[in-house]
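Asks: Pasting in a structure now, in structure tokens, and then I'll have a few things to ask.
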Amino acid sequence: MKIIAVGRNYVNHAKELDNPVPEQPVIFMKPDTAILRDNKDFYYPAFTQDLHHEVEVVLRVCKEGKHVAKKFAHKYYDAIGLGIDFTARDMQSHLKAKGLPWELSKAFDHSAVISPLLPITEIGDLRDIDFALQKNEETVQHGNTKNMIFDFDTLITFISQYITLRKGDLIYTGTPEGVGSVGVGDRLEGLLNGQSMFTCQIK
């Protein structure tokens, strides 16, 4: 299982970080050791002083695919979840300023919170999924998949031109605006169409 993540997939998020709006998907990877399941606590890493939350809708790939045509892309994912792409923002900014890859700021252990996955038949319109992140019971991020720059099928098609998709792979599809810092003692909760999907305590 691999984790494929999409950056800058919401216009307002790209703008809030002073990044250009991409003309094609921005892709990076996380290892399977990044996964944090079952509402487990997240332990604040020592190598950052500016850890950010980024809530994202997550797709589960259901079969192997390479060079997937867009008209068939919907057949390659079967479940939806909600996750957090934790980001060491200070480290990312430092690496980007040097023109270096920024995986260290994204791919560290337990940086990919994941909720239970729901069959897409239970979701309704995939182009109108409402999702949010609360920090200490206050909403800090709120998004809807209708505002994605690149929709699910476009992502499947694009990624599969370069990387073979395999059953069980997870695709983190990008975060809306509102990313911000978390600290020890904070409690995060993710909601999908109003339903609580995960909680995460920062230790």
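The values are calculated or read from the model by the stated rules, or taken from the named source; none is laboratory data. What you see is a predicted model, and the numbers here were worked out from it, not measured in a lab. Cβ coordinates were reconstructed from backbone atoms using ideal geometry, including for glycine residues, and neighbour counts include every protein chain displayed. The area values use the complete protein model at the heavy-atom level, side chains included, leaving out ligands, DNA and RNA. Shrake-Rupley method; radii C 1.70, N 1.55, O 1.52, S 1.80 Å.
Asks: What does the charge dipole of the chain about its Cα centre add up to, to the nearest 20 debye, if the Cβ of each Lys and Arg holds +1 and the Cβ of each Asp and Glu holds -1?
Replies: 740 debye
Asks: Cut-off 12 Å, label point 7 angstrom out along Cα-to-Cβ of SER93: give me the residues of the range 36-60 whose amide nitrogen falls inside.
Replies: 49-52
Asks: Something else about it: Modelled label-to-label distance, ASP38 and PHE72, 7 Å Cα→beta-carbon offset: nm?
Replies: Placing both labels 7 Å beyond Cα along the Cβ direction yields 3.7 nm.
Asks: Sticking with this one: In nm, to one decimal, how far is the ARG187 label point from the ASN147 one, both placed 7 Å along Cα→Cβ?
Replies: 2.7 nm
Asks: Under the rule a/c < 1.5 gives rounded, and otherwise a/b versus b/c splits prolate from oblate, where does the range 36-81 land using the Cα gyration tensor?
Replies: Verdict is prolate for the range 36-81.
Asks: Counting each DSSP H run of 4 or more residues in the chain as -39500 (n - 2.57), what helix-only mean residue ellipticity at 222 nm follows after dividing by all residues, to the nearest 500 deg cm²/dmol?
Replies: -3000 deg cm²/dmol
Asks: So, one more: Roughly speaking, what is the stretch gain from ALA46 to VAL21, that is 0.36 nm per residue apart minus the C-alpha to C-alpha distance, in nm to one decimal?
Replies: Full extension from ALA46 to VAL21 adds 5.8 nm.
Asks: How much of the accessible area of the range 1-88, in percent, comes from carbon and sulfur atoms when a 1.4 Å probe is used?
Replies: After summing per-atom areas, the C and S share lands at 48 percent.
Asks: What is the extension gain from LEU117 to VAL11, computed as 0.36 nm multiplied by their sequence separation minus the C-alpha to C-alpha distance, in nm to one decimal?
Replies: Going from the current span to full extension adds 35.5 nm.
Asks: Taking square-rooted eigenvalues a ≥ b ≥ c of the alpha carbon gyration tensor, is the range 62-116 rounded, prolate or oblate, where a/c under 1.5 means rounded and, failing that, a/b exceeding b/c means prolate?
Replies: Oblate is the answer for the range 62-116, as a/c is 1.5 or above yet b/c matches or exceeds a/b.
Asks: On to the next question. May I ask you to give the solvent-accessible area per residue for the chain, in square angstrom, as obtained with a 1.4 angstrom probe?
Replies: 47 Å²
Asks: Report the antiparallel proportion of the DSSP beta bridges in the chain as a percent, rounded to a multiple of 5.
Replies: 90 percent
Asks: Provide HIS74, HIS67 ordered by accessible surface of protein heavy atoms (probe 1.4 Å), highest first.
Replies: Final ranking, largest accessible area leading: HIS67, HIS74.
Asks: Tell me whether the range 54-201 comes out rounded, prolate or oblate; compute the Cα gyration tensor, take square roots of the eigenvalues as a ≥ b ≥ c, and use a/c under 1.5 as the rounded threshold.
Replies: Taking the square roots of the gyration eigenvalues as a ≥ b ≥ c, the range 54-201 is oblate.
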